[in-house]
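Novice: Supplied in structure tokens, the structure appears directly below.
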Amino acid sequence: MAQSLELRFETEAGKALTLTVDQPRVDLTEGEVESGMAAIIASDVFYVESLPLSVAKSARLVERNITNLYEA
């Protein structure tokens, strides 16, 4: 089962950005995710339409099951 961590941010203008991390550590805590998202905002590296990220909106773990039905 493939797992990813989706981190959702917004700019002051309400524009959204989602960062996806494949195969995150399985024992992540809410506090670690919150502080990591705060560090991403503080780094001032990501912009949406020339605006920096300003708000950490949410984080979620996403799991996918893939079943190959046909492969040539």
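A short reminder: the numbers here are calculations on the coordinates, not readings from a lab. No experiment lies behind these values; they were computed from the predicted model shown. Positions of Cβ are backbone-derived with ideal geometry, glycine not excepted, and every protein chain shown enters the neighbour counts.
Novice: Taking only region 1-14 into account, find how many residues are touching a residue at least 12 places away in the same chain (Cβ under 8 Å) and closer than 17 Å to Leu51 by Cα. Let's see the steps before the verdict.
Specialist: Taking region 1-14 first, the residues touching a residue at least 12 places away in the same chain (Cβ under 8 Å) are 1-13.
If we keep only those that are closer than 17 Å to Leu51 by Cα as well, we get 8-13.
Residues that pass the stated criteria total 6.
Novice: Of the residues in region 39-65, how many are touching a residue at least 40 places away in the same chain (Cβ under 8 Å) and more than 30 Å from Met1 (Cα to Cα)? If you could, list the steps in order and put the result at the bottom.
Specialist: The initial filter retains those residues of region 39-65 that are touching a residue at least 40 places away in the same chain (Cβ under 8 Å), namely 51-65.
Narrowing the set further to residues that are more than 30 Å from Met1 (Cα to Cα) leaves 51-55.
Final tally of qualifying residues: 5.
Novice: Residue pairs, Cβ under 8 Å, 6 or more apart or interchain, first in region 15-38 and more than 13 Å from Leu5 (Cα to Cα), second charged (D, E, K, R) and surrounded by 14 or more Cβ atoms within 10 Å (Cβ to Cβ). List them.
Specialist: Ala16/Arg8; Ala16/Glu10; Leu17/Arg8; Leu17/Glu10
Novice: Hey, among the residues in region 26-54 that are within 14 Å of Lys15 (Cα to Cα) and of a type in the set (Ser, Thr, Tyr), which one's farthest from the chain's Cα centre (by Cα)?
Specialist: Taking the candidates together, the pick is Ser50.
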